[in-house]
1. Can you pull out every residue in region 37-68 that is under 23 Å from Gly86 (Cβ atoms), of a type outside the set (D, E, K, R) and in a loop (DSSP other than H, G, I, E, B)?
2. Which numbered condition in (1) outside any helix (DSSP H, G or I); (2) among the β-branched types (Val, Ile, Thr); (3) loosely packed, with under 12 Cβ neighbours inside 10 Å; (4) over 16 Å from the mean Cα position of the chain (by Cα) is the only one that Ile30 fails?
3. Filter region 41-93 for residues that are under 16 Å from Ala16 (Cα atoms) and among the small types (Gly, Ala, Ser) and give the result.
4. Cβ-Cβ under 8 Å, sequence separation 6+ or interchain: first residue in region 6-17 and in the same structural domain as Ala41 (by TED's automatic domain parsing), partner of a type in the set (Lys, Arg). Which pairs?
5. Report the residue count in region 15-27 for those that are closer than 23 Å to Glu69 by Cβ, among the aliphatic types (A, V, I, L, M) and in a helix (DSSP H, G or I).
6. Looking at (1) within 19 Å of Leu13 (Cβ to Cβ); (2) modelled with pLDDT under 80; (3) of a type in the set (Lys, Arg), which one does Lys102 not meet, given that it meets all the others?
7. Could you give every pair whose Cβ atoms fall below 8 Å, whose first residue belongs to region 22-44 and is within 13 Å of Ala62 (Cα to Cα), and whose second residue is charged (D, E, K, R) and loosely packed, with under 13 Cβ neighbours inside 10 Å, counting only separations of at least 6 or pairs across chains?
Amino acid sequence: MHICDTLGIERKLIWAATPDQLDQVFAAPIEDRFKALFVAADALFAAQRAQIAEAALRRGLAAFGPWPEDPQAGFLVGHGIDTDEGARAVARYVDKILKGRKACQSSGRTVNAL
């Protein structure tokens, strides 16, 4: 059972795999009973976040995105990992290795192999 069912919230899944399909989704009518748009973490949606935010605003939908940057594009809420900080951490790690430190000495973190 999905959490929406438990809470009595109706949901509708809408699929789009290309920018053209995304245009078609937003061209189609959305029933008035839907009040929010939850966007999945996806490369297409990240690349088109401004278009998605604009379409949600035109339709009066609260847009919730999977990335911290989404509110800058017009989403009501963005959540998730800070990808910029992750990239900086990788750059620091690589810099230490290139300066001669062994990979296992470059981080205070341990890695578990499966």
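1. Of everything in region 37-68, those that are under 23 Å from Gly86 (Cβ atoms), of a type outside the set (D, E, K, R) and in a loop (DSSP other than H, G, I, E, B) turn out to be Val39, Ala40, Ala41, Gln48, Pro66, Trp67, Pro68.
2. Answer for Ile30: the failing condition is (3).
3. Ala41, Ala43, Ala46, Ala47, Ala50, Ala53, Ala55, Ala56, Gly65
4. Pairs that qualify, where the first residue is in the same structural domain as Ala41 (by TED's automatic domain parsing) and the partner is of a type in the set (Lys, Arg), are Glu10/Arg33.
5. The number of residues fulfilling the criteria is 2.
6. Among (1) within 19 Å of Leu13 (Cβ to Cβ); (2) modelled with pLDDT under 80; (3) of a type in the set (Lys, Arg), the lone unmet condition for Lys102 is (1).
7. Sorted first by the residue in region 22-44, then by its partner, the pairs are Arg33/Glu10; Phe34/Glu10; Phe34/Lys12.
The values are calculated or read from the model by the stated rules, or taken from the named source; none is laboratory data. Bear in mind the structure is a predicted one, so any value in this text is a computation, not a measurement. So basically every Cβ, Gly included, is an ideal-geometry build from the backbone, and we count neighbours across all protein chains shown.
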